[in-house]
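Here it is, the structure, as structure tokens.
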Amino acid sequence: MQELTQQIRSVAKRLLQEERVDCVLGYREGTVPMRERPFFAYTPEEADQLVWTRFCVNNLANFLIGRQDRVAVVAQGCVSRNIVGLIQEKQLSREQVYVLGLHSPGMVDSAKVQAQFPNRVIHSVEEDGEELLVNGADFQERVKVRDVKRDNCYTCTHRNAVIYDEFLGEQGEETGGGNIEKVAAPWESLSLEERWQRFEETFQDCIRCYACRDVCPLCYCNQCFVDENQPQWCGKTVEETDLHTFHILRAFHCAGRCTDCGACESACPVGIKMRRLTSKLEKDIRELYNYSPGLDMESTPPLSVYRPDDPEPFSTG
Amino acid sequence: MQDKILDKSEVDALLERLGSEYDVYAPLRDEEGSVQWAAVDRSSDLVWDFSNTGVSPKRFVFPQTECMMRFKNRSDDAEGMIMKQEQGLQRHQALLNIRPCDAKALKVLDSVYCRDETSNDVYWRDKREKTLYVGLACKSPCPTCFCTSVRCGPHYEEGLDILLVDLGERLLVRPLTEKGADLASNLSDAPDEATQQAAQQKKEAEAAIRSQVGLENIDARGIMELYEAPMWDLEHESCLNCGVCTYVCPTCHCFDIQDETQGEHGRRVRNWDTCMSWLFTYHTSGHNPRGTKKDRFRQRFMHKFKYMPYKFDVIGCVGCGRCTQRCPVNIDVTEVVGKMNQQDPN
């Protein structure tokens, strides 16, 4: 990881010095454990702050939306797929971005690490090969990375950047090793009543901060439906009807576009398992339309187009 | 007032006593292992070694969704369209093991919600007056805590009725108000060594707070100078304008009022709102005085660290560090305030 950090910095400096780009969008070290932060480097000196670790849980494609300048962006598999999505949806032009492709090592779920130390305050976490060194005020322990990766990183299908102008480091294993069929859509084996109950449980702690929406590169609407007030589609309370309306409608808007990057789960301040919905979207779109989002700039996302022979299993039950 | 002492084995008796008068809530560990506020009726559920809850307990006084009034949604009815005030809190409530910072936060908000006769929020006041605050002093502050920089601290007493200090097998019980003294009246006086042990713990907890911020230059500088400082141009850049910081915060207090109708039923309801949202300040005319992300980002810090000290002589922050911990892009309040406080804020 250290080597890749150095490589990102030197490429970023070169691009900035040669004025190929106006800024380099990457990650820099965070001030809390296990959360690096999105960072725009505008000068070669600032490029020295860029890092690449297993704590890069934000999807940087989100930060490209609406920019007018030329940006080089650090992109692992899912981020590159969302860049493709933004190009497909005409939110970004290919010429405007310079993609620094990477192979994702699989990012760490900080909640899983914290869960291993229930009563203790973690002060810092360092990477050490395939292990993490977890430090507190009065302890230091090791955790295996493979035990604490984010769920979406286990079932990842495209760890290498799918488009790039330069690839940094080696291309690596494409999948995360987990079986998406096994874990996706935990609803499917449940009865209708149980599904609803599971859904209610999943979102009951939601405080409607909209971090899931605001961290997501799919959610770039000028005015989100929950912010519409003439007419107002969705109430503002944290009562079930309003909570459910928000989450169900948002999920529909993401179908056929979501790359399972996990940014929403990483952002949620109350630990909601957002992927219980998004994994079902991924599976349905894959099975019904034989489509996986963010792989082909020339294709059209299935729900953006109507075809007379579109599958409609819902209409026949 | 005289410090008292309580053996932890006797906490059940205390809970029983509290329960006869109050609905009792405390930070409890849930099935997934995270600590959250919930109703409690037995001491074995209590947690003594938590840092703090992810979301602040302000909702007990300021619920995220609160019905204020109801009305019959019929204009052709003599009783129709007339607002009827909701009843207040039915039963008094006790917040057990509330952290001193969270209790201080409610005190800070009194300066907004019930400062004088011109600002007398009946919904806030009702619950404030019907709540008992039994604090638990902080033993091991988080790296993100900076309470001692903002007129607060791990053993801070203002805003509490009782402060508990965990001495292992025993609790030091320090009554701070009449209400607190009543509750502790049947306990034995604390021996001097227990009071000394608590004082020592206070010193250690204060020393363990690693984050510090200075506010002296912010205080000295004019509002417009800070407002126009170049620092905001870069600081806001990665902000998502989501509401995490404002909703986990114990002192953020903005709301939105909505009238909702369904058939013949109508109600007026207020919900937390966030200054991070463009909609928060959007005018009917289409003008938005905080139209950009930078405007909204700046507002949150200026409000807490400049406007509130200027208007009410209180800092709108108690240093709990939740915003830094939970921010999806790790915007660190101490960094931003540190920059505001620099000689040359750019």
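The values are calculated or read from the model by the stated rules, or taken from the named source; none is laboratory data. On a predicted model such as this, the values are computed, not experimentally measured, just so you know. Glycine also receives a Cβ, built like all others from the backbone with ideal geometry; neighbour counts cover every protein chain displayed.
Answer yes or no: is there a residue in segment A:158-178 that is within 10 Å of chain B (Cβ to nearest Cβ) and of a type in the set (Phe, Trp, Tyr).
no
Is it the case that segment A:68-81 has a residue that's among the small types (Gly, Ala, Ser) and more than 30 Å from residue A:302 (Cα to Cα)?
no
Pick from A:300, A:259: which is under 14 Å from the mean Cα position of the chain (by Cα), in a loop (DSSP other than H, G, I, E, B), over 22 Å from residue B:63 (Cβ atoms) and more than 14 Å from every other protein chain (Cβ to nearest Cβ)?
One residue alone meets the criteria, A:259.
Let me ask something additional. Return only the number of the condition from (1) touching a residue at least 60 places away in the same chain (Cβ under 8 Å); (2) crowded, with 20+ Cβ neighbours inside 10 Å that residue B:156 does not satisfy.
Result: residue B:156 passes all but (1).
Is there a residue being within 30 Å of residue A:146 (Cβ to Cβ), aromatic (Phe, Trp, Tyr), in the same structural domain as residue A:260 (by TED's automatic domain parsing) and touching a residue at least 40 places away in the same chain (Cβ under 8 Å) anywhere in segment A:22-36?
Kept after step one, since they are within 30 Å of residue A:146 (Cβ to Cβ), are these residues of segment A:22-36: A:25-36.
Okay, now just the ones that are also aromatic (Phe, Trp, Tyr), so A:27.
Remaining after also requiring in the same structural domain as residue A:260 (by TED's automatic domain parsing): A:27.
After this cut, where a residue has to be touching a residue at least 40 places away in the same chain (Cβ under 8 Å) as well, the list is A:27.
Checked against the condition, which is being within 30 Å of residue A:146 (Cβ to Cβ), aromatic (Phe, Trp, Tyr), in the same structural domain as residue A:260 (by TED's automatic domain parsing) and touching a residue at least 40 places away in the same chain (Cβ under 8 Å), segment A:22-36 yields at least one hit.
Any idea how many residues of segment B:228-259 are under 29 Å from residue A:230 (Cβ atoms), within 7 Å of chain A (Cβ to nearest Cβ) and among the hydroxyl-bearing types (Ser, Thr, Tyr)? Lay out the reasoning, then the answer.
Just the residues of segment B:228-259 that are under 29 Å from residue A:230 (Cβ atoms), to begin with: B:236, B:239-247, B:252-259.
In the following step, the residues that additionally are within 7 Å of chain A (Cβ to nearest Cβ) were identified as B:240-244, B:247, B:256, B:258.
The next check asks that each one be among the hydroxyl-bearing types (Ser, Thr, Tyr); those that pass are B:247.
Of the residues in segment B:228-259, 1 are under 29 Å from residue A:230 (Cβ atoms), within 7 Å of chain A (Cβ to nearest Cβ) and among the hydroxyl-bearing types (Ser, Thr, Tyr).
Return the residues of segment B:312-336 that are farther than 17 Å from residue B:141 by Cα and either over 15 Å from the mean Cα position of the chain (by Cα) or at the interface with another protein chain (Cβ under 8 Å from one of its Cβ atoms) (or both); say none if nothing qualifies. Break it down into steps so the answer makes sense when it comes.
Quick first cut of segment B:312-336, residues farther than 17 Å from residue B:141 by Cα only: B:312-316, B:327-331, B:335-336.
The answer is B:312, B:313, B:327, B:328, B:329, B:330, B:331, B:335, B:336.
Another one. Does segment B:38-59 hold any residues that are surrounded by 20 or more Cβ atoms within 10 Å (Cβ to Cβ), under 15 Å from residue B:249 (Cβ atoms) and either touching a Gly at 6+ places or on another chain (Cβ under 6 Å) or not β-branched (Val, Ile, Thr) (or both), and which are they?
Once the filter is applied, which keeps residues that are surrounded by 20 or more Cβ atoms within 10 Å (Cβ to Cβ), under 15 Å from residue B:249 (Cβ atoms) and either touching a Gly at 6+ places or on another chain (Cβ under 6 Å) or not β-branched (Val, Ile, Thr) (or both), segment B:38-59 yields B:52, B:56, B:57, B:58.
Just to be sure, is residue A:215 surrounded by 14 or more Cβ atoms within 10 Å (Cβ to Cβ) and either farther than 19 Å from residue A:279 by Cβ or not assigned by TED's automatic domain parsing to the domain that holds residue A:287 (or both)?
No; evaluated as a whole, the condition is false for this residue.
If you take the residues of segment B:260-298 that are within 10 Å of another protein chain (Cβ to nearest Cβ) and acidic (Asp, Glu), which of them is farthest from the chain's Cα centre (by Cα)?
B:260
Could you tell me which residue of segment A:202-226 is farthest from the other protein chains (Cβ to nearest Cβ), considering only residues that are farther than 23 Å from residue B:59 by Cα and outside any loop (DSSP other than H, G, I, E, B)?
Initially, segment A:202-226 is screened for residues farther than 23 Å from residue B:59 by Cα, giving A:213-225.
Filter once more, so that each one left must be outside any loop (DSSP other than H, G, I, E, B): A:213-214, A:225.
Working: A:213: 7, A:214: 4, A:225: 12 Å.
By that ranking, first place goes to A:225.
Considering only segment B:204-224, state which residues are of a type outside the set (Gly, Ala, Ser), surrounded by fewer than 11 Cβ atoms within 10 Å (Cβ to Cβ) and without any contact (Cβ under 8 Å) to a residue 60 or more places away in the chain.
B:224
Looking at residue A:38, is it within 30 Å of residue A:121 (Cα to Cα) and not in a loop (DSSP other than H, G, I, E, B)?
yes
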